[in-house]
Amino acid sequence: MISLSPTLLQAATAWGGRPVARATLEDRRLRWSPLHTWPADDASPTTMYHNGSYLLRARSDGGGQVWVARVSDPAGQAGWEQWLPAASGARPHSDVALTWRMPATWLMLYEGAGGTALWRTSSDHGTSWSAPAALHTGSAPLWLALWGSWALVLEEGLLHGYRWTGSSWSGPYSRATAAGAAGVAVWYDEGARRLHAWYAAGGQLWQTTANGSLPTPLWSTPRVLAPGGDQPPSEEARTRLPALAWVPALGLVASCLTGTAPEGGAAPLRPMTALAPNPYCNHPGQWVPLAPPTSSAQRWALAWDPLTQTLYCGNRSAMFSAPVPDAAVRSWMRLGPLDALGWRWRLDAEGPGHLSLTLLDREGALMPAGVPGQPAAAARPLASLRLQRGYVTPAGEETVDTADWTVLSARYSIGREGGRLTMEGTDALGLLALWRPSESLVWQERTVHWLLDEVCARVGLAVLRVGAPGLDVTLPAFSLHPHQTALTAVQGLLRLGCAVARPAGAALQVLALPGSAGTLPALGARGEIREGQLGPGLPGATLVRVSSATWGLWADAEASAEEQAAGLRLMRTLEDNRVHTAALAKEVAGHALALARLSTRADSVTVPLRPDLELWDAVRLVAGAVAGPRTVVALEELAQPALNRFETRLGLGAL
């Protein structure tokens, strides 16, 4: 339940208040669009970095020459390909890396002859470069990455890290990797002082981290990021050439090439981007393909321009750009707050919620909807929408935001019903229902909480945990298959973690079922129930049996008193081979029985708009002889300002 001020709570528990109803849309999705294309080239490896003033590109060619290009106007196509010589004597088509090291130094890393990684610096934005110096000697080919004061070198079977101390390089800090090295990228989190390495090996994309505050950083155990899961990689799988960029508004942005070879054929590689926004950046999601599959294995380098809030991703064949969601820089990425003509939304404990919202537009300012750069550009599928609702009180306008809704459609009415923009949307659970994996994913020895983070990140949802100790249970294995949605996986994890979930802000909040302890907020104490239907209902089950054939165990949870009152045993059997201990089977059965017991009350009431109530809240129903504690299992909100109709309809289960 959301806390309200005393004045807002008083207004929300009495009819006749002065409601406030507004809506705000924000397009927070990273949406790529083509910027430039070039004719076929020599497939030379490229990299790029933006230091806040200049975007610098670097490449090596087949003759052992290293080139740089300083891009002052990204909108102009020619500037991207105006190359100046920076070094010679490189291994033909060697990997190359660039970074900016404060206060005023560009750093370049490339592979010279004999498998030696060489570094140079520039203090004039790439016009001239220092003499080369050796960083690392290994087995060619070397894969290279730079970020600030950190350098990474990946060779076959080994990852090496180096740190610039101000006068020299310390290191290497090394660890073993899988065979089949095919690229490395790096990011250093200054706040957490943690080094993040993403590297391709064995056809997969891996992540390992190290504590940068230690004199001798130690790498963590690597985990697979792509294709995801802990299952053995396909012999035909190929993931190569990762790149990273840090964008404060988004988190860690990554690109890589990925593909799977058909039987007897070559693997076409498709450039993909992903976001890893959580604090540890170890749950990448929102994967988006940038171009059709190709046989050309070129890194799709990333660079972020903080001045224009623009991301660039590309190579010598094509360059894409994406506006970073920032309404201060691009006002068209936000629409509102606007007065709403009306809305109706519903949240249900059983599945996805639904929203229908209408905005009145007499002047036609919101036409067309969903076109970048136009006033209503944010009204497009997968944009985020929040409703601000509340009342005018003695303290002024007091409102509470709903959790984010995801826009599914935005339709502008013309003709007799013209001047209206109607949007349909879904909640966090509905967003999860939109996503399916492209291949089977299997995770091993992961906690329920970790798995929820992993699955929800696929669609860009964070997970907010409130209690729910069952989320700490470690499962031997958990799988998600292409015929299943992310929602299916989350519902299974909630059952195994003995928890429930509801939308909260831009996240999914996971919590335990509410209890009746303490003082519960009242419904009806001020006579505000306009209408209601009150009465008992049949329990969903009186006996729940959880069985696991794989582990040869089962457990029951039974409500004998309810069976006696009903005059019938109602049995439900849950077969789940992910349940691996008798204790877990007992917990899962008890949780399922508690959920089934909710329907022993089939109450519903209509009250003034209550912006504080959420799914799974515990409340006290004040309604004569049937008063008592209840659980909010359904919420429907109706707002029609023109009719002065603002109400909340609640479905109430037992508590």
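Here are some residues: Gly390, Gly396, Gly373. Which one is crowded, with 19+ Cβ neighbours inside 10 Å and either under 28 Å from the mean Cα position of the chain (by Cα) or under 30 Å from Asp612 (Cα atoms) (or both)?
From the options Gly390, Gly396, Gly373, the qualifying one is Gly390.
Hey, Pro85 hits all of (1) loosely packed, with under 14 Cβ neighbours inside 10 Å; (2) assigned to a loop (DSSP other than H, G, I, E, B) but one; which does it fall short on?
(2)
Filter the stretch 112-141 down to the residues that are surrounded by fewer than 18 Cβ atoms within 10 Å (Cβ to Cβ), in a loop (DSSP other than H, G, I, E, B) and in contact with a Gly (Cβ under 7 Å, 6 or more places away or on another chain) and list them by number.
Ala113, Gly115, Ser139, Ala140
What strands (runs of 3 or more DSSP E) lie completely within the stretch 306-406 and have 1 or more residues being touching a Leu at 6+ places or on another chain (Cβ under 9 Å) and under 30 Å from Ser599 (Cβ atoms)?
Qualifying strands (runs of 3 or more DSSP E): 342-348, 351-360, 384-393, 396-401.
Within the stretch 178-220, track down each residue that is of a type outside the set (A, V, I, L, M, F, W, C) and either touching a His at 6+ places or on another chain (Cβ under 9 Å) or farther than 23 Å from Ser149 by Cα (or both).
Of everything in the stretch 178-220, those that are of a type outside the set (A, V, I, L, M, F, W, C) and either touching a His at 6+ places or on another chain (Cβ under 9 Å) or farther than 23 Å from Ser149 by Cα (or both) turn out to be Gly180, Tyr188, Asp189, Gly202, Gly203, Gln204, Gln207, Thr208, Thr209.
If I ask for residues that are modelled with pLDDT of 95 or more and among the β-branched types (Val, Ile, Thr), which ones from the stretch 502-528 would you list?
The answer is Val510, and nothing else.
Would you say Ala185 is closer than 19 Å to Leu98 by Cβ, outside any loop (DSSP other than H, G, I, E, B) and assigned by TED's automatic domain parsing to the domain that holds Gly114?
Spelling it out, Ala185 is indeed closer than 19 Å to Leu98 by Cβ, outside any loop (DSSP other than H, G, I, E, B) and assigned by TED's automatic domain parsing to the domain that holds Gly114.
Select from the stretch 585-613 the residues that are among the small types (Gly, Ala, Ser) and part of a helix (DSSP H, G or I) and list them in ascending order.
Result: Ala585, Ala589, Gly590, Ala592, Ala594, Ala596, Ser599.
Could you say which residue among Ala642, Ala565 is surrounded by fewer than 18 Cβ atoms within 10 Å (Cβ to Cβ) and either of a type in the set (Lys, Arg) or touching a residue at least 40 places away in the same chain (Cβ under 8 Å) (or both)?
Unique residue meeting the criteria: Ala642.
From the list Leu35, Leu4, Leu8, Leu25, which one is outside the structural domain of Leu158 (by TED's automatic domain parsing), among the hydrophobic types (A, V, I, L, M, F, W, C) and within 19 Å of Cys313 (Cβ to Cβ)?
Leu35
Determine which member of the set Asp61, Asp42, Asp95, Asp73 is at pLDDT 95 or above and either among the acidic types (Asp, Glu) or at positive phi (or both).
Selected residue: Asp95, the only one of Asp61, Asp42, Asp95, Asp73 that is at pLDDT 95 or above and either among the acidic types (Asp, Glu) or at positive phi (or both).
Suppose we filter Arg31, Arg59, Arg22, Arg70 for residues that are within 30 Å of Leu338 (Cα to Cα) and part of a strand (DSSP E or B); which single one remains?
Just a single option satisfies the conditions, and that option is Arg22.
Only one of these is in contact with a helix residue (DSSP H, G or I) (Cβ under 9 Å, 6 or more places away or on another chain), within 28 Å of Ala318 (Cα to Cα) and of a type in the set (Asp, Glu): Asp95, Asp73, Asp124. Name it.
Asp73
Please enumerate the residues belonging to the stretch 323-358 that are of a type in the set (Ser, Thr, Tyr) and modelled with pLDDT under 90.
The answer is Ser331, and nothing else.
Kindly indicate which of Ala522, Ala506 is in contact (Cβ under 8 Å) with a residue 24 or more places away in the chain and outside the structural domain of Pro437 (by TED's automatic domain parsing).
Ala522
In the stretch 170-228, how many are farther than 24 Å from Asn278 by Cβ and out of contact with any strand residue (DSSP E or B) (no Cβ under 7 Å at 6 or more places or on another chain)?
Going through the stretch 170-228 one residue at a time, the tally reaches 2.
Any idea which residue in the stretch 469-489 is surrounded by the most Cβ atoms within 10 Å (Cβ to Cβ), counting only those that are closer than 14 Å to Leu441 by Cα and β-branched (Val, Ile, Thr)?
This residue is Thr485.
Quick check on the stretch 622-639. Is at least one of its residues touching a Lys or Arg at 6+ places or on another chain (Cβ under 8 Å), among the acidic types (Asp, Glu) and assigned to a strand (DSSP E or B)?
yes
Out of the residues in the stretch 625-639 meeting the condition of being touching a Gly at 6+ places or on another chain (Cβ under 9 Å) and among the small types (Gly, Ala, Ser), tell me which one is surrounded by the most Cβ atoms within 10 Å (Cβ to Cβ).
So the residue we want is Ala639.
Being in a helix (DSSP H, G or I) and in contact with an Asp or Glu (Cβ under 9 Å, 6 or more places away or on another chain) is the filter; apply it to the stretch 432-485 and report the residue that is farthest from Leu355 (Cα to Cα).
Here the residue is Gly470.
Inspect all residues belonging to the stretch 223-235 and state whether any of them is polar (S, T, N, Q) and in a strand (DSSP E or B).
no
The values are calculated or read from the model by the stated rules, or taken from the named source; none is laboratory data. Everything numeric in this text was worked out from a predicted model, so none of it was measured. In this analysis, Cβ positions are derived from the backbone assuming ideal geometry, glycine residues included, and neighbour counts consider all displayed protein chains.
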